[in-house]
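Below you'll find the structure, written out as structure tokens, and then a few comments.
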Amino acid sequence: MWLRVSSNVEMEFQVESPMLLLLRPRSDAQQWVARDHYAVRPTMPITEYTDMYGNLCQRLLAPPGRFQVEVQSDVQVPARVYQEPGAPFVPVQALPDHTLMYLAPSRYCESDRLGTLAGEIVQGYRPGYDQVAAISDWIHNNIRYLTDTDPAPVSASEAIGRGAGVCRDFAHAGIALCRSLSIPARLVVGYLHRLEPMDLHAWFQAYVGRRWFTFDPTQATTAGGRVWLAYGRDAADVPVFHQFGPPVVPSRMDVSVEEIAGPV
């Protein structure tokens, strides 16, 4: 399916502010970006680099005053999420090198504290995909999904303790529980077709059966129609915008996802 995704962000700066943005999707085996529009106002120099996770990062120096960035992309993505119940657990010694960074505890995914809970959740399930699916279902059934944006990330154990969280917190919980079972897991930030209310979204992927599989604990059934913007160990690695200096909250952020016949 073809999706047209867009973000329009406005901010007001009091002083000159360096910024890093993660708002431009890139093509890979999961998605094809056929058309890409990226504009900032006022016009200013932008440089782009690829970070250690393979994400496209934009770097700029925003002047004092009103700042706006508009991004729109036409992207071809699978209409359904690929599933493979029974896909086996991959022993740590057999994991590819690139997955190893997603095994250790990280800032918001303290997997070293959740081993007992993970063991209880997956008891009786086959190691691998079925365990991850059980974890995703447990989060969906035991943590209340909040749709209002929370500017302050909380850790996986905090979200579980609260019993409520936004999509990012659901993903952190899934990642930490998977890692506690020696299953590599990573955060994904991007767009989801037909998300209500519409906003940027977060989910997680787990490495089993020698490939990455997508899981979204905010949903009873993980839907397709996803455009990824960035991967990382947790939210600290993939802020869609990161501003250095006096804190600034976006005065406006509009996100849209629509199905189209194809790129124009």
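The values are calculated or read from the model by the stated rules, or taken from the named source; none is laboratory data. Keep in mind that this is a model prediction, so the values were computed, not measured. Virtual Cβ from ideal backbone geometry, glycine too; neighbours counted across all protein chains shown.
Could you name every one of the strands (runs of 3 or more DSSP E) located completely within region 29-71 that has at least 1 residues being among the aromatic types (Phe, Trp, Tyr) and free of Cβ contacts under 8 Å to residues at least 40 places away in the same chain?
Answer list for region 29-71: 32-41, 47-50.
Suppose the filter is part of a loop (DSSP other than H, G, I, E, B) and modelled with pLDDT under 95; does PRO250 pass it?
When the stated conditions are applied, PRO250 passes them.
I'd like to check something: does region 178-192 contain any residue that is more than 17 Å from ALA236 (Cα to Cα), in contact with a His (Cβ under 8 Å, 6 or more places away or on another chain) and in the same structural domain as GLN123 (by TED's automatic domain parsing)?
Taking every residue of region 178-192 in turn, at least one turns out to be more than 17 Å from ALA236 (Cα to Cα), in contact with a His (Cβ under 8 Å, 6 or more places away or on another chain) and in the same structural domain as GLN123 (by TED's automatic domain parsing).
With the checklist (1) surrounded by 18 or more Cβ atoms within 10 Å (Cβ to Cβ); (2) at pLDDT below 95 in hand, flag the one item ALA29 doesn't pass.
Among (1) surrounded by 18 or more Cβ atoms within 10 Å (Cβ to Cβ); (2) at pLDDT below 95, ALA29 violates only (1).
Check region 246-256 and report whether any residue there is surrounded by fewer than 12 Cβ atoms within 10 Å (Cβ to Cβ) and within 20 Å of ARG24 (Cα to Cα).
Yes, region 246-256 contains a residue that is surrounded by fewer than 12 Cβ atoms within 10 Å (Cβ to Cβ) and within 20 Å of ARG24 (Cα to Cα).
Looking for whichever is in a loop (DSSP other than H, G, I, E, B) and either in contact with a Gly (Cβ under 8 Å, 6 or more places away or on another chain) or within 30 Å of GLU12 (Cβ to Cβ) (or both) here; the options are ALA159, ALA104, ALA79. Which one fits?
ALA79
Take the residues in region 182-225 that are in a strand (DSSP E or B) and hydroxyl-bearing (Ser, Thr, Tyr), then tell me which one is surrounded by the fewest Cβ atoms within 10 Å (Cβ to Cβ).
Applying the filter and picking the extreme gives THR214.
Where residues in region 169-185 are of a type in the set (Gly, Ala, Ser) and over 15 Å from the mean Cα position of the chain (by Cα), which of them is nearest to GLY209 (Cα to Cα)?
SER182
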